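The values are calculated or read from the model by the stated rules, or taken from the named source; none is laboratory data. Nothing here was measured: the structure is a model prediction, and the numbers come from that model. Here the Cβ positions follow ideal geometry from the backbone for every residue, glycine too, while neighbour counts run over all protein chains shown. Surface accessibility is based on the protein's heavy atoms, side chains included, excluding ligands, DNA and RNA. Shrake-Rupley method; radii C 1.70, N 1.55, O 1.52, S 1.80 Å.
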Amino acid sequence: VKGNPRFVPPADKGRIYCFGRLSVYGPGDGKAVKWRTSKAEELFAFMLQNLNNEVSKWKITQVLWPECETEKLDVNLHTTIYKIKKTLLSANIKFRLKFINGRYKLELPDVYIDTVEFEAVTNGKIQLSAASIEKYKKALSLYQGNYLEENEYLWAQSKAEEYLEQYRSLVSAAVKYYATRTDYANAERILQKALTNAPLSDDLNEMLLKLFFMKKDKASLVMHYNKIKALYKAELGITPNTAMQNLFSRASEL
(Lines give C-alpha, C1' and ligand atoms only; values in the text may rest on other atoms or scores of the structure.)
Protein backbone atom coordinates (compact mmCIF):
# COMPACT_ATOMS: atom_id res chain seq x y z
CA VAL A 1 0.00 0.00 0.00
CA LYS A 2 1.36 3.40 -0.97
CA GLY A 3 1.47 6.32 1.40
CA ASN A 4 -0.47 6.34 4.65
CA PRO A 5 -1.67 3.32 6.57
CA ARG A 6 -5.32 2.46 5.91
CA PHE A 7 -7.94 4.33 7.88
CA VAL A 8 -9.78 2.17 10.43
CA PRO A 9 -13.13 3.56 11.67
CA PRO A 10 -13.59 3.77 15.46
CA ALA A 11 -16.61 1.41 15.46
CA ASP A 12 -15.17 -1.23 13.15
CA LYS A 13 -17.96 -3.38 11.70
CA GLY A 14 -15.90 -4.50 8.75
CA ARG A 15 -14.07 -2.46 6.15
CA ILE A 16 -13.43 -2.58 2.45
CA TYR A 17 -10.70 -0.76 0.54
CA CYS A 18 -10.85 -0.43 -3.25
CA PHE A 19 -8.10 2.09 -3.92
CA GLY A 20 -5.01 0.19 -5.01
CA ARG A 21 -6.23 -3.35 -4.48
CA LEU A 22 -9.52 -4.80 -3.24
CA SER A 23 -9.04 -5.70 0.45
CA VAL A 24 -11.90 -6.85 2.67
CA TYR A 25 -11.61 -7.09 6.46
CA GLY A 26 -14.04 -8.47 9.02
CA PRO A 27 -14.77 -6.47 12.22
CA GLY A 28 -11.52 -5.99 14.15
CA ASP A 29 -9.57 -8.25 11.79
CA GLY A 30 -5.96 -7.46 11.01
CA LYS A 31 -5.84 -9.78 8.01
CA ALA A 32 -7.83 -9.39 4.81
CA VAL A 33 -10.25 -12.19 3.87
CA LYS A 34 -8.97 -14.87 1.52
CA TRP A 35 -11.30 -15.50 -1.40
CA ARG A 36 -11.97 -19.10 -2.37
CA THR A 37 -11.52 -18.33 -6.05
CA SER A 38 -10.46 -15.31 -8.11
CA LYS A 39 -13.97 -15.30 -9.69
CA ALA A 40 -15.58 -14.99 -6.24
CA GLU A 41 -13.37 -11.96 -5.54
CA GLU A 42 -14.14 -10.45 -8.94
CA LEU A 43 -17.90 -10.97 -8.65
CA PHE A 44 -17.85 -9.41 -5.19
CA ALA A 45 -15.90 -6.41 -6.58
CA PHE A 46 -18.41 -6.08 -9.43
CA MET A 47 -21.40 -6.19 -7.06
CA LEU A 48 -19.62 -3.72 -4.78
CA GLN A 49 -19.24 -1.30 -7.69
CA ASN A 50 -23.01 -1.63 -8.12
CA LEU A 51 -23.72 -1.48 -4.36
CA ASN A 52 -27.42 -1.05 -3.45
CA ASN A 53 -28.38 -1.34 -7.12
CA GLU A 54 -30.02 -4.28 -8.86
CA VAL A 55 -27.89 -5.92 -11.55
CA SER A 56 -29.38 -8.37 -14.02
CA LYS A 57 -28.14 -11.94 -14.02
CA TRP A 58 -27.46 -11.56 -17.74
CA LYS A 59 -25.19 -8.54 -17.20
CA ILE A 60 -23.22 -10.32 -14.44
CA THR A 61 -22.62 -13.42 -16.55
CA GLN A 62 -21.63 -11.34 -19.59
CA VAL A 63 -19.02 -9.47 -17.55
CA LEU A 64 -17.58 -12.42 -15.64
CA TRP A 65 -17.92 -15.31 -18.08
CA PRO A 66 -18.03 -13.78 -21.57
CA GLU A 67 -16.63 -16.92 -23.25
CA CYS A 68 -18.68 -19.44 -21.31
CA GLU A 69 -21.32 -21.78 -22.82
CA THR A 70 -24.83 -20.78 -21.82
CA GLU A 71 -25.70 -24.02 -20.00
CA LYS A 72 -22.72 -23.58 -17.63
CA LEU A 73 -23.47 -19.95 -16.74
CA ASP A 74 -26.12 -20.67 -14.10
CA VAL A 75 -23.91 -23.19 -12.33
CA ASN A 76 -20.92 -20.83 -12.40
CA LEU A 77 -22.96 -17.94 -11.07
CA HIS A 78 -24.69 -19.89 -8.29
CA THR A 79 -21.44 -21.51 -7.16
CA THR A 80 -19.64 -18.18 -7.10
CA ILE A 81 -22.47 -16.42 -5.21
CA TYR A 82 -22.39 -19.27 -2.67
CA LYS A 83 -18.62 -18.79 -2.19
CA ILE A 84 -19.05 -15.03 -1.67
CA LYS A 85 -21.70 -15.61 1.00
CA LYS A 86 -19.54 -18.20 2.79
CA THR A 87 -16.51 -15.86 2.80
CA LEU A 88 -18.49 -12.87 4.14
CA LEU A 89 -20.25 -14.98 6.77
CA SER A 90 -16.99 -16.49 8.02
CA ALA A 91 -15.55 -12.95 8.32
CA ASN A 92 -18.63 -11.83 10.34
CA ILE A 93 -19.44 -9.14 7.81
CA LYS A 94 -23.09 -8.10 7.81
CA PHE A 95 -24.48 -8.18 4.25
CA ARG A 96 -27.60 -8.78 2.17
CA LEU A 97 -27.24 -10.37 -1.25
CA LYS A 98 -30.71 -10.77 -2.71
CA PHE A 99 -32.00 -12.26 -5.93
CA ILE A 100 -35.26 -10.67 -7.14
CA ASN A 101 -36.82 -11.15 -10.58
CA GLY A 102 -33.63 -12.15 -12.32
CA ARG A 103 -31.57 -9.43 -10.66
CA TYR A 104 -29.01 -9.47 -7.84
CA LYS A 105 -28.54 -6.71 -5.27
CA LEU A 106 -25.77 -6.36 -2.69
CA GLU A 107 -26.17 -4.32 0.49
CA LEU A 108 -23.50 -3.76 3.17
CA PRO A 109 -25.33 -1.62 5.73
CA ASP A 110 -22.61 -1.29 8.41
CA VAL A 111 -19.39 -1.74 6.51
CA TYR A 112 -16.85 1.06 6.02
CA ILE A 113 -15.97 1.46 2.31
CA ASP A 114 -13.18 3.83 1.23
CA THR A 115 -14.83 4.74 -2.11
CA VAL A 116 -18.08 5.70 -0.34
CA GLU A 117 -16.11 7.95 2.03
CA PHE A 118 -14.18 9.44 -0.89
CA GLU A 119 -17.39 10.19 -2.80
CA ALA A 120 -18.89 11.92 0.24
CA VAL A 121 -16.35 14.71 -0.35
CA THR A 122 -16.07 14.62 -4.14
CA ASN A 123 -19.82 14.34 -4.84
CA GLY A 124 -20.91 16.50 -1.94
CA LYS A 125 -19.40 19.56 -3.64
CA ILE A 126 -17.88 20.64 -0.34
CA GLN A 127 -16.32 24.06 -0.89
CA LEU A 128 -12.68 24.16 0.14
CA SER A 129 -12.10 26.46 3.08
CA ALA A 130 -10.22 26.48 6.38
CA ALA A 131 -13.25 24.68 7.85
CA SER A 132 -13.30 21.89 5.26
CA ILE A 133 -9.58 21.40 4.52
CA GLU A 134 -9.41 18.43 6.94
CA LYS A 135 -12.16 16.66 4.96
CA TYR A 136 -10.18 17.24 1.77
CA LYS A 137 -7.01 15.89 3.37
CA LYS A 138 -8.93 12.82 4.55
CA ALA A 139 -10.30 12.19 1.04
CA LEU A 140 -6.80 12.60 -0.43
CA SER A 141 -5.35 10.15 2.08
CA LEU A 142 -8.01 7.56 1.17
CA TYR A 143 -6.72 7.49 -2.40
CA GLN A 144 -4.00 4.88 -1.90
CA GLY A 145 -3.57 4.07 -5.59
CA ASN A 146 -5.97 3.98 -8.52
CA TYR A 147 -9.31 2.20 -8.12
CA LEU A 148 -8.87 -1.62 -8.21
CA GLU A 149 -5.62 -0.99 -10.07
CA GLU A 150 -3.87 -4.15 -8.91
CA ASN A 151 -6.91 -6.33 -9.69
CA GLU A 152 -6.77 -5.35 -13.36
CA TYR A 153 -10.49 -5.81 -14.09
CA LEU A 154 -11.41 -4.46 -17.53
CA TRP A 155 -14.94 -3.59 -16.39
CA ALA A 156 -13.53 -1.33 -13.62
CA GLN A 157 -11.49 0.91 -15.94
CA SER A 158 -14.06 3.63 -16.66
CA LYS A 159 -14.87 3.89 -12.94
CA ALA A 160 -11.13 4.09 -12.21
CA GLU A 161 -10.78 6.99 -14.65
CA GLU A 162 -13.72 8.74 -13.00
CA TYR A 163 -12.14 8.43 -9.54
CA LEU A 164 -8.75 9.56 -10.86
CA GLU A 165 -10.38 12.66 -12.36
CA GLN A 166 -12.09 13.45 -9.03
CA TYR A 167 -8.79 12.88 -7.22
CA ARG A 168 -6.95 15.28 -9.54
CA SER A 169 -9.59 17.94 -8.88
CA LEU A 170 -9.17 17.47 -5.12
CA VAL A 171 -5.39 17.71 -5.45
CA SER A 172 -5.66 20.84 -7.58
CA ALA A 173 -8.01 22.55 -5.11
CA ALA A 174 -5.90 21.61 -2.07
CA VAL A 175 -2.65 22.73 -3.73
CA LYS A 176 -4.17 26.10 -4.65
CA TYR A 177 -5.48 26.47 -1.10
CA TYR A 178 -2.02 25.91 0.40
CA ALA A 179 -0.12 27.87 -2.26
CA THR A 180 -2.25 31.00 -1.72
CA ARG A 181 -1.35 30.74 1.97
CA THR A 182 2.33 30.30 0.99
CA ASP A 183 2.28 26.91 2.71
CA TYR A 184 4.46 25.41 -0.02
CA ALA A 185 5.51 22.38 2.05
CA ASN A 186 1.95 21.01 2.27
CA ALA A 187 1.25 21.86 -1.37
CA GLU A 188 4.37 20.01 -2.51
CA ARG A 189 3.68 16.96 -0.29
CA ILE A 190 0.19 16.58 -1.80
CA LEU A 191 1.52 16.91 -5.36
CA GLN A 192 4.41 14.48 -4.88
CA LYS A 193 2.00 11.84 -3.50
CA ALA A 194 -0.47 12.50 -6.33
CA LEU A 195 2.28 11.96 -8.88
CA THR A 196 2.90 8.45 -7.54
CA ASN A 197 -0.69 7.68 -8.64
CA ALA A 198 -0.59 9.62 -11.92
CA PRO A 199 3.05 10.18 -12.96
CA LEU A 200 2.12 11.20 -16.52
CA SER A 201 -0.51 13.79 -15.59
CA ASP A 202 0.20 17.07 -17.39
CA ASP A 203 -1.86 19.04 -14.86
CA LEU A 204 -0.04 17.69 -11.81
CA ASN A 205 3.45 17.96 -13.30
CA GLU A 206 2.76 21.51 -14.45
CA MET A 207 1.44 22.40 -11.00
CA LEU A 208 4.58 21.09 -9.34
CA LEU A 209 6.83 23.04 -11.72
CA LYS A 210 4.75 26.19 -11.02
CA LEU A 211 5.10 25.58 -7.30
CA PHE A 212 8.90 25.36 -7.58
CA PHE A 213 8.82 28.58 -9.63
CA MET A 214 6.74 30.35 -6.96
CA LYS A 215 9.15 29.10 -4.29
CA LYS A 216 12.08 30.32 -6.43
CA ASP A 217 13.51 26.81 -6.12
CA LYS A 218 15.47 26.64 -9.36
CA ALA A 219 17.30 23.36 -8.58
CA SER A 220 14.06 21.43 -7.90
CA LEU A 221 12.35 22.92 -10.97
CA VAL A 222 15.20 21.90 -13.30
CA MET A 223 15.47 18.45 -11.68
CA HIS A 224 11.75 17.73 -11.94
CA TYR A 225 11.57 18.99 -15.52
CA ASN A 226 14.45 16.71 -16.57
CA LYS A 227 12.80 13.79 -14.79
CA ILE A 228 9.45 14.25 -16.59
CA LYS A 229 11.17 14.95 -19.88
CA ALA A 230 12.84 11.52 -19.69
CA LEU A 231 9.63 9.86 -18.44
CA TYR A 232 7.41 11.37 -21.15
CA LYS A 233 9.90 10.32 -23.83
CA ALA A 234 10.19 6.75 -22.53
CA GLU A 235 6.48 6.18 -21.83
CA LEU A 236 4.69 8.33 -24.41
CA GLY A 237 7.34 9.26 -26.98
CA ILE A 238 6.54 12.97 -26.54
CA THR A 239 8.06 16.06 -24.91
CA PRO A 240 6.42 17.95 -22.01
CA ASN A 241 3.79 20.48 -23.14
CA THR A 242 4.47 24.13 -23.97
CA ALA A 243 3.45 25.40 -20.52
CA MET A 244 5.99 23.09 -18.86
CA GLN A 245 8.70 24.01 -21.39
CA ASN A 246 8.05 27.70 -20.70
CA LEU A 247 8.40 27.20 -16.95
CA PHE A 248 11.68 25.38 -17.56
CA SER A 249 13.03 28.14 -19.80
CA ARG A 250 12.07 30.72 -17.16
CA ALA A 251 14.09 28.88 -14.50
CA SER A 252 17.05 31.11 -15.44
CA GLU A 253 15.09 34.07 -13.99
CA LEU A 254 15.23 32.54 -10.53
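Below, the figures for the structure above:
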| quantity | calculated |
| --- | --- |
| Scattering profile of the stretch 22-81 at q = 0.20 Å⁻¹ [log10 I(q)/I(0), Debye over alpha-carbon scatterers] | -0.81 |
| Dipole of the chain, positive end: most advanced residue of V121, N205, T80 [Cβ charges, Cα centre] | V121 |
| For q = 0.13, 0.20 Å⁻¹, Debye-computed log10 I/I(0) when each Cα of the stretch 64-131 counts as one equal scatterer | -0.60, -0.96 |
| Residue-normalised accessible area of the chain, expressed per residue, 1.4 Å probe, Å² | 53 Å² |
| Most to least packed among 68-74, 245-251 [average Cβ atoms within 10 Å] | 245-251, 68-74 |
| At most 14 other Cβ within 10 Å, DSSP loop - GluC sites (Glu not before Pro), the stretch 112-172 | E152 |
| Highest-fluctuation residue, F118, F19, F213 considered, GNM on the chain with Cα pairs under 10 Å | F213 |
| Listed pairs K159/K233; K176/K218; K125/K233 exceeding 30 Å between Cα atoms | K125/K233 |
| Listed residues L236, N151, T180: farthest to the positive end of the dipole of the stretch 115-254 (Cβ charges) | T180 |
| Rg followed by Dmax, in Å, when the stretch 31-168 is reduced to its Cα trace | 16.9, 59 |
| The chain: angle of helix 157-180 to the longest principal axis, Cα-based, in degrees nearest 10 | 40 degrees |
| Accessible carbon and sulfur surface of the chain relative to its total accessible area, %, 1.4 Å | 51 percent |
| Quarter of the Cα convex hull surface for the stretch 166-231, i.e. its orientation-mean projected area (nm²) | 3.9 nm² |
| The chain - Rg (one decimal) and Dmax (whole number), Cα, Å | 21.7, 71 |
| Distance between modelled label sites at L97 and S38, nm, 7 Å Cα→Cβ extension | 1.9 nm |
| Pair-distance profile P(r), taking every C-alpha pair of the stretch 195-239, with 10 angstrom steps and integer % | 28, 56, 15, 0 |
| Per-selection metrics, the stretch 131-254 (Cα): Rg and Dmax in Å | 15.3, 48 |
| For the chain, calculated [θ]222 nm from helices alone, where every DSSP H run of n ≥ 4 adds -39500 (n - 2.57) | -17500 deg cm²/dmol |
